[in-house]
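Peer 1: Submitted below is the structure of interest, expressed as structure tokens.
Laboratory data are not the source of any read-out in this text; all were calculated from the coordinates shown. Here the structure is a predicted model, which means the values were calculated and not measured. So basically every Cβ, Gly included, is an ideal-geometry build from the backbone, and we count neighbours across all protein chains shown.
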Amino acid sequence: MFLSAAHAEAMQRAITAIERVAALPAYAHAIADHVPEVARASRGAIGVFMGYDFHLTPDGPKLIEINTNAGGGLINAYLLGAQFVCCGTTALSAANVDIDQITKAFVDGFRAEWQRQGRTGQLTRIAIVDDAPQDQYLYPEFVLFKRLFESHGIAAVIAAPEDLRLQDGQLWRGSDRIDLVYNRVTDFDLSQSHHVALRDAYLTNAAVVTPNPWSYAHLADKRNLILLSDPARLAEIGADAADIDALGHAVPRTVAVTASNADALWKTRGKLFFKPATGFGSKAAYRGDKLTLKTWAGILERQYVAQDLVAPSARAVAFDGHIESLKVDLRCYTYAGRIQLIAARLYSGQTTNFRTAGGGFAPVFVGSGSAACDC
């Protein structure tokens, strides 16, 4: 994928505005009704690998959702680097990319999390934690992270949550004391019973946990998009005019699905996209024009948001002897509000997936000129 510098800058402006708004004292109060107790207080760590997902439109990039523990960042860094081997001068002319610099910035983010939580001295050991990690689709990325950490002098283990134990105010995996957990579980408030050691380590500051319930609740819960897409409410909580303007251009109108607006939303469903408030990975997300009455009844029984439908852009891909037009989703991997890497996901169907023939992750080169075309 080739992305214009103007669109990359517009995505950065939107991300900067979101994180500035989320830091306002009144923001926490405005979202308090859906923030669980475990996520109300920040422990210091703000979350590595935030993922801001955009669709490109004729009016510029539009934010589709925000994710914590966004997978694929390291794979996409190496995938970007691979283009220099196969594409040579074409890749070099598209952007000045230093893969070692990108991966070092990833590691620096973990060290920054260590320091944000008041730690001094060296970050010694990281546990990469997910449920049944070897069964995860992105398990190969866990292995790559382990190798990356070790190449930077940080010991690393890959572990399941039930492998962890809290003892004497410290977190352990076997005989290894864990300084920091790179948290890849999708139980965002750590409420499941087999996550108790991870939850207790987070609450007692026995280990730095990143991403964590606080970062999810304050940025990635989809109900936050209701506030972020409402200029009047943003003004009420003290957002400045420039940030309100940036969000007005980038964040599609989003509303909660309730009994009182259900009839109106059903009538206009063809212009809407419905997502579970705490969903991830496009699970149980639906285009309004594809909804059945049975699915709609299920939506009304759960916490959902409705977002103005933003059609994705397309990319022509040569596959198996013919040309396919695939939809495009752009993901910005960030730390502390700054884009570290942009990657694309190519797919067909309602939502992003890794089952489309010829689809999946694709590297993104940002053009040097503001007038460069997206393709």
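Peer 1: Contour minus end-to-end for Asp108 and Asn205, with contour as 0.36 nm per residue of separation and end-to-end as the Cα-Cα distance? Please list the in-between numbers first.
Peer 2: Numbers: separation 97, 0.36 × 97 = 34.92 nm, distance 2.06 nm.
The Asp108-Asn205 span can extend by a further 32.9 nm.
Peer 1: If the only charges are +1 at each Lys and Arg Cβ and -1 at each Asp and Glu Cβ, what is the size of the charge dipole of segment 106-222 around the Cα centre, to the nearest 20 debye?
Peer 2: 360
Peer 1: Dipole size in debye (nearest 20) for the chain around its Cα centre, Lys and Arg Cβ +1, Asp and Glu Cβ -1?
Peer 2: Dipole about the Cα centre, nearest 20: 340 debye.
Peer 1: I've got another one for you. As I understand it, the dipole of the chain uses +1 on the Cβ of Lys and Arg and -1 on the Cβ of Asp and Glu, about the Cα centre. Which of Ala45, Phe2, Gly238 lies farthest toward its positive end?
Peer 2: Phe2
Peer 1: Evaluate the distance, in nm, between pseudo-label points positioned 7 Å from the Cα of Val310 and of Gln170 along their respective Cα→Cβ axes.
Peer 2: About 4.6 nm separates the two model spin labels.
Peer 1: Further, regarding this structure: Under a crude label model (7 Å from the Cα following the beta-carbon direction), how far is Ser42 from Arg302 in nanometres?
Peer 2: Going from the Ser42 label point to the Arg302 one covers 3.1 nm.
Peer 1: Separate question: Could you tell me which of Ala160, Leu56, Ala220 has its Cα farthest along the dipole of the chain towards the positive end, charges placed at Cβ (Lys, Arg +1; Asp, Glu -1), taken about the Cα centre?
Peer 2: Result: Leu56.
Peer 1: State to the nearest 20 debye the size of the charge dipole of segment 1-143 about its Cα centre, where the only charges are +1 on K and R beta carbons and -1 on D and E beta carbons.
Peer 2: 500
Peer 1: While we're on this one: What is the order of Glu162, Glu19, Glu113, fewest Cβ neighbours within 10 Å to most?
Peer 2: Sorted ascending by nearby Cβ count, the order is Glu162, Glu19, Glu113.
Peer 1: If we count every other residue with Cβ under 12 angstrom of Thr278's Cβ, Lys/Arg +1 and Asp/Glu -1, where does the sum land?
Peer 2: Values: positive: Lys222, Arg223, Lys275, Lys283, Arg302; negative: Glu65, Asp187, Asp189, Asp221.
Around Thr278, the charge tally is +1.
Peer 1: Let me check against my output: what whole-number percent is the relative contact order of segment 222-375, with C-alpha pairs under 8 Å and at least 6 apart?
Peer 2: Working: 216 pairs, mean separation 25.1, N = 154.
It rounds to 16 percent for segment 222-375.
Peer 1: Shifting gears a bit: Sort 199-206, 180-187, 310-317, 290-297 by the packing proxy (mean of other Cβ within 10 Å over each peptide's residues), most packed first.
Peer 2: 180-187, 199-206, 310-317, 290-297
Peer 1: Based on the Cβ-Cβ distance from Ile99 to Gln122, what FRET efficiency comes out when R0 is 25 Å, to the nearest 0.05?
Peer 2: Rounded to the nearest 0.05, the efficiency is 0.50.
Peer 1: Next up: Given the C-alpha centroids of segment 120-134 and segment 305-339, what is the distance between them in whole angstrom?
Peer 2: 31
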